[in-house]
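J.: One structure, pasted below without further comment.
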């Protein structure tokens, strides 16, 4: 069945620069309660289920009626008509289970201390496992047929037009599909397999100690993850350093727990890959159902490593501008423009995003209006709310967006980013059948980063001063740095820790700290100081619990760049091709879907062009700074 249960977490990455800090609420002594937030700034989960009783009704329908029904098909998938009935029932189950899971998950995310919501989420997870277990016989039975029969009776049968791609993928995966008993056994591990991510979430949102800081006026405030992200842009270096040390010190206290948790995640991935007869966990993840060559991943890491001089040059430029001996982690997110601040309140951000995305056309704009007006978005940070940001939803509901908006330019870009995800989901669900609606992670970040490129262009065209232009150039540089250099450093780390486990080595906090430190030295160069605490950076990354997810940020922005340029230049058919991409969902292999839109990710050209742009922008920044006397 469709795997739509992992949130597309777009935790606020270092994709754009933040130039000012302004706390959303008047008092910084605590985090507001959900009841303190106006209804217009909260999502409406009642669009999914009006009451918990309605949720329970659907739950009972799946558990007591539909799962027993589909179990009756076991051993009976002989003729095409029976197979079609079984697949249609499977889709019905998947649609309802998705809806149950999304409602329960978002209910918990809006308040992780809500025990009722947490229980619903746990039950939804268990139901998902039970659903997978009940249907685990399907693929082995179908794959027991010869390739010729499958092609004739299913791939080439017009009655199965909605399942043609499904059977195409199964045929290509035949060597990795196990026996009925083995598939059932793997399906039974669902709850256990979800434990590392669940534990990471609980430790980092509910159990970790939130440090307290004082602002310049001496007022105390809690240094939540959202506040920490904003503090990294503070012009006061001493405050940035204090925020960095206090925030990372909280992870230092639980580093062994988080190391064991990440080690469990890696071992799970390695186990699943071996069970399905793949050569590695990396191959199982990227090739799997999506048919993405491992070479795409490896070439991406190699290409970025071959162009680290561009990043070293940028770090050196920062060192000159900031006039410091070494650049530290907490120096990488500050403005390179003196006395330049932009505060963007949420209602203003909405207007800016609507204007910036106008090149996408009227239809796209109207859908954005709907998202803002119909409570798709949960805007502000509240007590026990999940940090970061994401877009999530199920097939038969509109998408939802979780934010922790803090009135910064960074968060305005996050709004555009998450709307990209939401629009992608909405167009896909409206144009594809359920079975083909779950677009892959390889494609997930293309729509979101296309929106960011459009917003960057809009802001640069409306810059009111040279300072603002310099900021916006730096904004684009940071976007590429965060999405390519940072994410590929993550990807390289993830590749190495899996390879270590596959080689029989154990992972620990110390070994992962050592690896992270070496990667930072390589990526950031001689002018960067690798502080001991920054080696714990790995312990904060939720994406490491998403099975080789992070490289998709790099491929996403590399794919988005040429698409956005075609739209901005008004190239004939550019918007139509892009809309075709949004509507394609999972109807073909992701590399092929991008090729149809005009981008070939099997080539190094998209990444090479993007890193070339990065280098040109750094040179342009340096030239402006010299002309203005900021550096010699």
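The values are calculated or read from the model by the stated rules, or taken from the named source; none is laboratory data. Nothing here was measured: the structure is a model prediction, and the numbers come from that model. Every residue, glycine among them, receives a Cβ derived from its backbone with ideal geometry; neighbour counts consider all protein chains shown.
J.: Would you mind finding the one in 327, 377 that is touching a residue at least 24 places away in the same chain (Cβ under 8 Å) and under 22 Å from the mean Cα position of the chain (by Cα)?
T.: The conditions single out 377.
J.: A follow-up question, please. Using beta carbons and a limit of 6 Å, which pairs, at least six apart or on different chains, have the first residue in the range 420-448 and on the phi < 0 side of the Ramachandran plot and free of Cβ contacts under 8 Å to residues at least 12 places away in the same chain and the second one surrounded by fewer than 22 Cβ atoms within 10 Å (Cβ to Cβ) and in a helix (DSSP H, G or I)?
T.: Going by the 6 Å Cβ cut-off, there are no qualifying pairs.
J.: A follow-up question, please. Any chance the range 467-480 includes a residue that's under 25 Å from the mean Cα position of the chain (by Cα), without any contact (Cβ under 8 Å) to a residue 60 or more places away in the chain, in a helix (DSSP H, G or I) and under 21 Å from residue 335 (Cα atoms)?
T.: So far as the range 467-480 goes, yes, one or more of its residues are under 25 Å from the mean Cα position of the chain (by Cα), without any contact (Cβ under 8 Å) to a residue 60 or more places away in the chain, in a helix (DSSP H, G or I) and under 21 Å from residue 335 (Cα atoms).
J.: Checking the conditions here, which among 493, 453 is assigned to a helix (DSSP H, G or I), farther than 22 Å from residue 618 by Cβ and either at pLDDT below 95 or under 23 Å from the mean Cα position of the chain (by Cα) (or both)?
T.: The match here is 493.
Results for (1) in contact with a helix residue (DSSP H, G or I) (Cβ under 8 Å, 6 or more places away or on another chain); (2) over 30 Å from residue 628 (Cα atoms); (3) crowded, with 20+ Cβ neighbours inside 10 Å; (4) modelled with pLDDT under 95, shown as yes or no for each residue.
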| position | (1), (2), (3), (4) |
| --- | --- |
| 343 | no, no, no, yes |
| 371 | yes, yes, yes, no |
| 376 | yes, yes, yes, no |
| 410 | yes, no, yes, yes |
| 414 | no, yes, yes, yes |
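J.: Just checking, how many residues over the range 494-515 are in contact with a helix residue (DSSP H, G or I) (Cβ under 9 Å, 6 or more places away or on another chain), without any contact (Cβ under 8 Å) to a residue 12 or more places away in the chain and closer than 23 Å to residue 273 by Cα? Can you show your working first?
T.: Applying the first criterion (in contact with a helix residue (DSSP H, G or I) (Cβ under 9 Å, 6 or more places away or on another chain)) to the range 494-515 yields 494-502, 505-515.
With without any contact (Cβ under 8 Å) to a residue 12 or more places away in the chain added as a condition, the list becomes 500, 505, 510-511.
Of the ones still in play, those that are also closer than 23 Å to residue 273 by Cα are 500, 505.
Adding up the residues that qualify gives 2.
J.: Kindly indicate which of 333, 314 is within 20 Å of residue 467 (Cβ to Cβ), in contact (Cβ under 8 Å) with a residue 60 or more places away in the chain and assigned to a loop (DSSP other than H, G, I, E, B).
T.: 333
J.: Report whether or not residue 622 is modelled with pLDDT of 90 or more, surrounded by 18 or more Cβ atoms within 10 Å (Cβ to Cβ) and closer than 30 Å to residue 314 by Cα. Step through it out loud before you land on a result.
T.: Numbers: modelled with pLDDT of 90 or more: yes; surrounded by 18 or more Cβ atoms within 10 Å (Cβ to Cβ): yes; closer than 30 Å to residue 314 by Cα: yes.
The answer is yes for residue 622.
J.: Which condition number does residue 394 fail, the rest of (1) out of contact with any strand residue (DSSP E or B) (no Cβ under 7 Å at 6 or more places or on another chain); (2) surrounded by 22 or more Cβ atoms within 10 Å (Cβ to Cβ); (3) assigned to a helix (DSSP H, G or I) being met?
T.: (3)
J.: Further, regarding this structure: Those residues that are under 22 Å from residue 310 (Cα atoms) and either at pLDDT below 95 or part of a helix (DSSP H, G or I) (or both), I need them from the range 519-533; list them, please.
T.: 519, 520, 521, 522, 523, 524
J.: From 463, 447, which residue is over 12 Å from residue 413 (Cα atoms), outside any helix (DSSP H, G or I) and touching a helix residue (DSSP H, G or I) at 6+ places or on another chain (Cβ under 8 Å)?
T.: Details: 447 fails: outside any helix (DSSP H, G or I).
Criteria check complete, one pass: 463.
J.: Checking residue 337 against (1) farther than 30 Å from residue 231 by Cα; (2) modelled with pLDDT under 95; (3) buried (at least 18 other Cβ atoms within 10 Å of the Cβ), only one condition comes out false. Which one?
T.: (1)
J.: Related question: So is residue 273 out of contact with any strand residue (DSSP E or B) (no Cβ under 7 Å at 6 or more places or on another chain), surrounded by 18 or more Cβ atoms within 10 Å (Cβ to Cβ) and free of Cβ contacts under 8 Å to residues at least 24 places away in the same chain or not? I'd like the intermediate steps shown before the answer.
T.: Working: out of contact with any strand residue (DSSP E or B) (no Cβ under 7 Å at 6 or more places or on another chain): yes; surrounded by 18 or more Cβ atoms within 10 Å (Cβ to Cβ): yes; free of Cβ contacts under 8 Å to residues at least 24 places away in the same chain: yes.
When the stated conditions are applied, residue 273 passes them.
J.: Return yes or no: is residue 222 farther than 26 Å from residue 125 by Cα, surrounded by fewer than 18 Cβ atoms within 10 Å (Cβ to Cβ), out of contact with any helix residue (DSSP H, G or I) (no Cβ under 7 Å at 6 or more places or on another chain) and at pLDDT below 90? Don't jump to the end; show me each part of the working.
T.: Details: farther than 26 Å from residue 125 by Cα: yes; surrounded by fewer than 18 Cβ atoms within 10 Å (Cβ to Cβ): yes; out of contact with any helix residue (DSSP H, G or I) (no Cβ under 7 Å at 6 or more places or on another chain): yes; at pLDDT below 90: no.
Judged against the criteria, residue 222 is not a match.
J.: Further question on the same structure: Within the range 225-238, is there a residue that is assigned to a loop (DSSP other than H, G, I, E, B) and either in contact with a strand residue (DSSP E or B) (Cβ under 6 Å, 6 or more places away or on another chain) or under 30 Å from residue 128 (Cα atoms) (or both)?
T.: No, because not a single residue in the range 225-238 is assigned to a loop (DSSP other than H, G, I, E, B) and either in contact with a strand residue (DSSP E or B) (Cβ under 6 Å, 6 or more places away or on another chain) or under 30 Å from residue 128 (Cα atoms) (or both).
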